[in-house]
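Novice: Have a look at this one before I ask anything.
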Amino acid sequence: MHKLMNGHLLGLLFIILTSFNLQSQVNLQIDVKNYESDTLILGYYLAEKMLVKDSIIRGEDQKFTFTQDSLLETGMYMLVSVPEGMFYQVLVPEDDQEFQLTIDTTTEEDLFFEGSEENTVFYEYLKFVDQARKETERLEQVIVNTDSVLVTVRQALREDQATINAMVSARQLEVIRDYPNSIVALLLKSNLPFVFPEFTGTSEEIQQQKYLYYKQKYFDNLDLDHPSVLRTPIIDQRITYYLESLTPNQADSIIKSVDHVLGLMDMESDVYRYYLSTLLNKYGNSKYIGQDAVYVHLALNYYGMGKAPWTDEDNLNEIVGNAKRIEPILIGKPAPDFTIQREDGSSLALKDLNTEYTVLVFWKPDCNHCTQAMPHVIEFNKKWKEQGVQVVTICTMNGDEYNKCWEDVKAKGMQDLINAGDQFRRSRIFSNYYTTSTPKIFILDKEHTIKLKRVPAENLDAVMVELKKLDAAAADSGQ
């Protein structure tokens, strides 16, 4: 029994409801004792989400009955009490979605099932583990309270703890062996301890070898083809940790890891469909600078290569088209060339900007965020203009509104900056730099390679300090 509101967990309980797209009846009969409400909520996991499937109303027989003419999709479901938020998760075998369940809200005893072998197996395992945990905790308390001189006693107690842990591991392997295709096995196998081989070398070399080996073998005990895996919380925990903790926060590294994860999945499975869509949105909306390269990779190499066949034509064209517009301005790419005009009509070309760093600031007079950003840009320019950094502001207004650019330059005190625009949009600078929103800031190096983009104006100074440090370190190392 669990309470959602305060996180008090009394055990791990699962509902597993499996579907082979066959017409079959679901009949779940739940008898909840000492429960005043007439409603239970049937919910389920979908990767990291907990969603509502349906509400179940107490019948005249005082039981809660959920029926359905087709099988529920396999995965972890839960029964949630109203309004307390206590939830109970129950295993339902894929070949039998008709069973009875009895719950007593006043006790911490296991749920009682009729007609569910897999629940029996699972709850016996949970009870065994809980008893083992209590015994090891009791032994630990004895060890803590034992006089340090009684070395033999302490050693004997540690050996008892090791024996209990070995018994738990043996029981875990026994369940996996006896029920290899069950959801119980899926869950238990995913929690098997990781065993490293022997490595040689310095401590740093050994640590690096362990990291690489762990990353290579990370998904070995998680069956990504199991029909229930998407509707368990274990899959998202694993994938998130792999991408965010085991993978360096660099676009090239993330792309390799994303390809590895998707490559482990059956392209026709719901798991693949869910995670390809989820990862596309994750990196398309990422706040981390440079991760849009992952979005571009997924859009062009998966959606653009026919590996997302469920996507309708309009959405597909939007996804791929968006990626193609972003690709030329990814970090590390040459900045798109341009020739634009200053207020006096004289030309300003990218090739004319020859300082160590160039900061391009796309802005618009009627943009509130631009108004907030510009004082930071002006202060940044004062500090860095004598240190090999020049700031170029590019007003995105055009046509009859173009003169507002120059009025606002004076109003905002921007005269000390290099200010330019493109009244008739002849240079294609706004489409080439994909300025659908403002302000938008790029930092280019002397060769006009895009070093950073989407830099917040208030962070420009700190970013430039770090950028110069990194570039100096790279130069010293000969990179």
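The values are calculated or read from the model by the stated rules, or taken from the named source; none is laboratory data. Just so you know, these numbers come straight off a predicted model, no measurement behind them. Here the Cβ positions follow ideal geometry from the backbone for every residue, glycine too, while neighbour counts run over all protein chains shown.
Novice: Say whether the condition of being touching a Lys or Arg at 6+ places or on another chain (Cβ under 7 Å) and β-branched (Val, Ile, Thr) is met by at least one residue in region 394-409.
Specialist: There is at least one residue in region 394-409 that is touching a Lys or Arg at 6+ places or on another chain (Cβ under 7 Å) and β-branched (Val, Ile, Thr).
Novice: Restricting to region 404-429, and then to whatever is surrounded by 20 or more Cβ atoms within 10 Å (Cβ to Cβ) and of a type in the set (S, T, N, Q), can you tell me which residue is farthest from Gln372 (Cα to Cα)?
Specialist: Only one residue tops the list, namely Ser427.
Novice: Collect the residues in region 426-444 that are within 14 Å of Asp337 (Cα to Cα) and part of a loop (DSSP other than H, G, I, E, B), keeping them in residue-number order.
Specialist: The answer is Arg426, Ser427, Arg428, Tyr433, Tyr434.
Novice: I would also like to ask the following. Any idea which of (1) touching a Phe, Trp or Tyr at 6+ places or on another chain (Cβ under 6 Å); (2) at pLDDT below 95 is the one Pro439 doesn't satisfy?
Specialist: (2)
Novice: Tell me which of these Gly321 doesn't satisfy, since it passes every other one: (1) loosely packed, with under 13 Cβ neighbours inside 10 Å; (2) over 25 Å from the mean Cα position of the chain (by Cα).
Specialist: (2)
Novice: Quick one: which helices (runs of 4 or more DSSP H) sit completely within region 291-407 and have at least 1 residues that are outside the structural domain of Asp252 (by TED's automatic domain parsing) and among the charged types (D, E, K, R)?
Specialist: In region 291-407, the matching helices (runs of 4 or more DSSP H) lie at 368-384.
Novice: Ser257 versus (1) of a type in the set (Ser, Thr, Tyr); (2) crowded, with 16+ Cβ neighbours inside 10 Å; (3) not in a helix (DSSP H, G or I): which is the lone unmet condition?
Specialist: That leaves (3) as the condition not met.
Novice: Separate question: Return only the number of the condition from (1) surrounded by fewer than 20 Cβ atoms within 10 Å (Cβ to Cβ); (2) farther than 24 Å from Tyr272 by Cα; (3) within 35 Å of the chain's Cα centre (by Cα); (4) at pLDDT 85 or above that Leu79 does not satisfy.
Specialist: Only one criterion in (1) surrounded by fewer than 20 Cβ atoms within 10 Å (Cβ to Cβ); (2) farther than 24 Å from Tyr272 by Cα; (3) within 35 Å of the chain's Cα centre (by Cα); (4) at pLDDT 85 or above is unmet by Leu79, namely (1).
Novice: Say whether the condition of being exposed (fewer than 14 other Cβ atoms within 10 Å of the Cβ) and in contact with a Gly (Cβ under 9 Å, 6 or more places away or on another chain) is met by at least one residue in region 455-477.
Specialist: Scanning region 455-477 turns up no residue that is exposed (fewer than 14 other Cβ atoms within 10 Å of the Cβ) and in contact with a Gly (Cβ under 9 Å, 6 or more places away or on another chain).
Novice: Can you give me the ranges of the helices (runs of 4 or more DSSP H) entirely in region 175-251 with at least 2 residues that are among the polar types (S, T, N, Q)?
Specialist: 203-217, 234-244
Novice: Let me spell it out: the conditions are (1) modelled with pLDDT under 95; (2) under 28 Å from Ile326 (Cα atoms), and Gly421 meets all of them except one. Which number is the exception?
Specialist: Only one criterion is unmet by Gly421, namely (1).
Novice: Could you grab the pairs with beta carbons closer than 8 Å, sequence gap of 6+ or different chains, first residue in region 270-287 and in the same structural domain as Leu243 (by TED's automatic domain parsing) and over 15 Å from Thr311 (Cβ atoms), second one of a type in the set (Phe, Trp, Tyr) and in a helix (DSSP H, G or I)?
Specialist: From residues that are in the same structural domain as Leu243 (by TED's automatic domain parsing) and over 15 Å from Thr311 (Cβ atoms), the pairs are Tyr283/Tyr295; Ser286/Tyr295.
Novice: Let me ask something else. Name the residues in region 384-400 that are surrounded by 14 or more Cβ atoms within 10 Å (Cβ to Cβ) and over 15 Å from Ile429 (Cα atoms), would you?
Specialist: Scanning region 384-400 gives Trp384, Lys385, Val389, Gln390, Val391.
Novice: Still on this structure: Would you please list the contacts, defined by Cβ atoms under 6 Å and residues six or more apart or on different chains, that run from a residue in region 289-315 that is surrounded by 15 or more Cβ atoms within 10 Å (Cβ to Cβ) to a residue that is aromatic (Phe, Trp, Tyr) and outside any loop (DSSP other than H, G, I, E, B)?
Specialist: Gln291/Tyr283; Val294/Tyr283; Tyr295/Tyr283; Ala308/Tyr302
Novice: Another one. For region 140-154, state whether one or more residues are basic (Lys, Arg), surrounded by 11 or more Cβ atoms within 10 Å (Cβ to Cβ) and at pLDDT below 90.
Specialist: yes
Here is a yes/no grid of residues against (1) in contact with a Ser or Thr (Cβ under 7 Å, 6 or more places away or on another chain); (2) modelled with pLDDT under 95; (3) over 17 Å from Leu348 (Cβ atoms):
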| residue | (1), (2), (3) |
| --- | --- |
| His376 | no, no, yes |
| Phe380 | no, no, yes |
| Thr396 | yes, no, no |
| Ala475 | no, yes, yes |
